[in-house]
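The structure appears below as structure tokens.
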Amino acid sequence: MDTPEHIGVYLGLDVGKGDHHAHALTPAGKKVLDTRLPNSEPKLRRILDKLTAEHGTVLVVVDQPASIGALPLTVARAAGCAVAYLPGLTMRRIADLYPGEAKTDARDAAVIADAARAMPRTLRDLAPDDEAIAALSMVAGHDDDLAADATRTRNRLRGLLTQLHPALERVLGPRADHPAVLTLLERYPSPERIRRAGRSRLVELLRPQAPRMAHRLVEDVFAALEEQTVTVAGTEAAATVVANLARSLRTTLQQRDRVASEIEELLEAHPLSGVLTSMPGIGARTGARILIEVGDGSAFATAGHLASYAGLAPATRASGSSIRGEHPSRRGNKQLKRALFLAAFASLSHPPSRAYYDRKTSQGKHHNQALLCLARRRCDVLFAMLRDGTFYQPPVAQAA
């Protein structure tokens, strides 16, 4: 970000939950403010109005633009101030250039303000909040939380089954998300209760939710039960825990289904929805995440900039004659990288994407490496689609 020449004061905010620390510098580096600010609109506005009246245009720079930094940025925009974002990792590296090893709010705010004044290239623009994208971000964040809850509950359930009956876990564990398996574990949460229920009763119980799989699943379950004749201590006591975990996992998965519908509705209401979802492999969840992190793509000069921001551009390492080569980058936006990676994986049923993936694997790349290459290639196409506002067009086969 190139800051305007008419900035009169640089205000660095180390944001916090209850209050923020503010440090303001003039373009010449003179300190004009160093104080704590409560996280309330009236006091934030009073400080901003005072700085504007005394110094002119104020540039407010934060290290966290979301969550606890949302209110200061909103108040700053309403007060007519310019706003920018200094990434936390960048701020920490810049802080190493300053003397002292203390880690305090006052020092962090001073570093933010001085970096904004002396190194404006380290700042990132913060466009005004789009209500549709803000709503998508809120709902998608809730979906991420639910996904983490589901993973944690699923792992706990599988771990408990492995402790009690490993053979049974090998049958039910990989299908733990299936409604029929959750019904089975809720109703008969221990190996002994499953035996007493019998095959015919279990088939009748599972058939409404798994008409094709019910009979085969029951046979696999009883075959697994025959592999273990001993009973691990605490098995019956753990039955209550297994039933509760299965019930909790079912509830979480149902919530995710409802949230997915909300994400799809919000995404469809956005003008870029058709552009994003026209690309093979991009669904509602991945499309929403890409839209949240990238927007219309106007913040990126080239496709290479977008790939670098997503952490898909390889990092070149060269030192003398011993270290040479390119390696996957460990930086970038992790959520965007994950969305593009999952979209690339989902596009393997698309013939051109599959052909590119197969070509990379034939060159000796592993599965994840080939997918990263595919995601990088698709990043170029996605950038062009967002830049021109055009739908995805399959590549034209070249004549031999």
>> Less than 18 Å apart at the alpha-carbon level, and either on another chain or at least 8 residues along: which lysines does that give for residue 31?
In response: 50
> Which one of 305, 228, 346 is farthest out on the positive end of the charge dipole of the chain, using unit charges on Cβ (Lys, Arg +1; Asp, Glu -1) and the Cα centre as origin?
Replying inline: 228
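Below 8 Å, C-alpha to C-alpha, sequence gap of six or more: please give me the relative contact order for the chain in percent.
Details: 532 pairs, mean separation 48.0, N = 400.
Once normalised by length, the contact order is 12 percent.
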> Points 7 angstrom from Cα along the Cβ direction at residue 53 and residue 124: gap in nanometres?
Replying inline: 3.5 nm
> Which value in Å is the Kirkwood Rh of the chain over different Cα pairs?
Replying inline: 25.3 Å
>> Tell me the angle of helix 334-346 to the major Cα principal axis of the chain, expressed in degrees between 0 and 90 and rounded to the nearest ten.
In response: 40 degrees
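Given charges of +1 on the Cβ of Lys and Arg and -1 on the Cβ of Asp and Glu, with all other atoms neutral, how large is the dipole of the chain about its Cα centre, in debye to the nearest 20? Numbers along the way, then the final one.
Values: 52 positive and 43 negative charges, 251 e Å.
Computed charge dipole of the chain: roughly 1200 debye.
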> Kirkwood Rh, segment 213-258, all Cα pairs: how many Å?
Replying inline: 13.1 Å
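At a threshold of 8 angstrom on Cα-Cα distance, excluding pairs fewer than six apart, so keeping six or more, what relative contact order does segment 7-129 reach in percent?
Details: 231 pairs, mean separation 38.0, N = 123.
Answer for segment 7-129 is 31 percent.
Please figure out what share of the DSSP beta bridges in the chain is antiparallel and state it in percent, rounded to the nearest 5. Could you put the intermediate results ahead of the total?
On the way: 19 of 29 bridges.
Taking every DSSP beta bridge within the chain, about 65 percent pair in antiparallel fashion.
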> Among 175, 201, what is the fewest-to-most ranking by other Cβ atoms within 10 Å?
Replying inline: 201, 175
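About its Cα centre, what dipole magnitude does segment 196-236 give when the only charges are +1 on Lys and Arg Cβ and -1 on Asp and Glu Cβ, stated in debye to the nearest 20?
Here segment 196-236 has a charge dipole of around 260 debye.
For the chain, what does -39500 (n - 2.57) per DSSP helix run (n ≥ 4), summed and divided by total residues, give at 222 nm, in deg cm²/dmol to the nearest 500?
Numbers: 17 runs with 227 residues, N = 400.
Result for the chain: -18000 deg cm²/dmol, rounded to the nearest 500.
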>> Between helix 214-225 and the chain, what is the angle of the helix's C-alpha long axis to the longest principal axis, kept within 0 to 90° and rounded to the nearest 10?
In response: 80 degrees
> Under the Karplus relation 6.51 cos²θ - 1.76 cosθ + 1.60, θ = phi - 60°, what is the ordered set of whole-Hz ³J(HN,Hα) values for segment 15-27, x standing for Gly and Pro?
Replying inline: 6, x, 5, x, 8, 10, 10, 10, 9, 10, 10, 7, x
> Label-point separation (nm) for residue 70 and residue 315, each offset 7 Å from Cα along Cα-to-Cβ?
Replying inline: 3.2 nm
>> Amide H of residue 350 versus every other amide H placed in the peptide plane: which residues, excluding those fewer than 5 positions away on the same chain, fall under 5 Å?
In response: none
> For segment 78-190, with the dipole built from +1 on Lys and Arg beta-carbon atoms and -1 on Asp and Glu ones, taken about the Cα centre, which of 163, 85, 151 lies farthest toward the positive end?
Replying inline: 163
>> Taking the square root of 5 times each eigenvalue of the Cα gyration tensor, what semi-axes in Å does the equivalent ellipsoid of segment 186-311 have, largest first?
In response: 47, 17, 14
>> If you average the C-alpha positions of segment 329-390 and of segment 122-196 separately, how far apart do those two centres end up, in angstrom?
In response: 26 Å
> If you take the charge dipole of segment 7-129 about its Cα centre, with +1 on Lys and Arg Cβ and -1 on Asp and Glu Cβ, which of 16, 27, 112 is farthest toward its positive end?
Replying inline: 27
>> Can you tell me the length gained on complete extension of the stretch residue 186 to residue 393, counting 0.36 nm per residue apart and subtracting the Cα distance?
In response: 69.8 nm
> Using the alpha-carbon atoms, what tilt in degrees (0 to 90, nearest 10) does helix 105-118 show relative to the longest principal axis of the chain?
Replying inline: 60 degrees
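Provide the gained length on full extension for the span residue 268 to residue 236, in nm with one decimal, where the gain is 0.36 nm per separating residue minus the Cα-Cα distance. Show your work: numbers first, answer last.
Working: separation 32, 0.36 × 32 = 11.52 nm, distance 4.88 nm.
Here the segment from residue 268 to residue 236 would lengthen by 6.6 nm.
Compute the FRET efficiency between residue 197 and residue 258 as 1/(1 + (r/R0)^6), taking r as their Cβ-Cβ distance and R0 = 25 Å, and round to the nearest 0.05. List each step's numbers first, then the result.
On the way: r = 31 Å, r/R0 = 1.25.
It comes out at approximately 0.20.
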>> Set the bar at 21 Å for Cα to Cα. Now go through 337/365; 17/103; 334/360 and name every pair that lies beyond it.
In response: 334/360
> For the pair residue 36 and residue 93, how long in nm is the line joining their label points, each one 7 Å along Cα→Cβ?
Replying inline: 3.2 nm
> Seen from all sides and averaged, what is the projected area of the convex hull of the Cα atoms in segment 166-233, in nm²?
Replying inline: 4.2 nm²
>> Once you compute Rg and the Kirkwood Rh from C-alpha atoms, what is the Rg to Rh ratio for segment 7-129?
In response: 0.92
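Each reported figure results from applying straightforward, stated rules to the coordinates on display, with no laboratory input. Remember, it's a predicted structure, so these values are computed and weren't measured experimentally. A quick note on method: Cβ atoms are made from the backbone with ideal geometry, for glycine too, and the neighbour counts reach across all protein chains shown.
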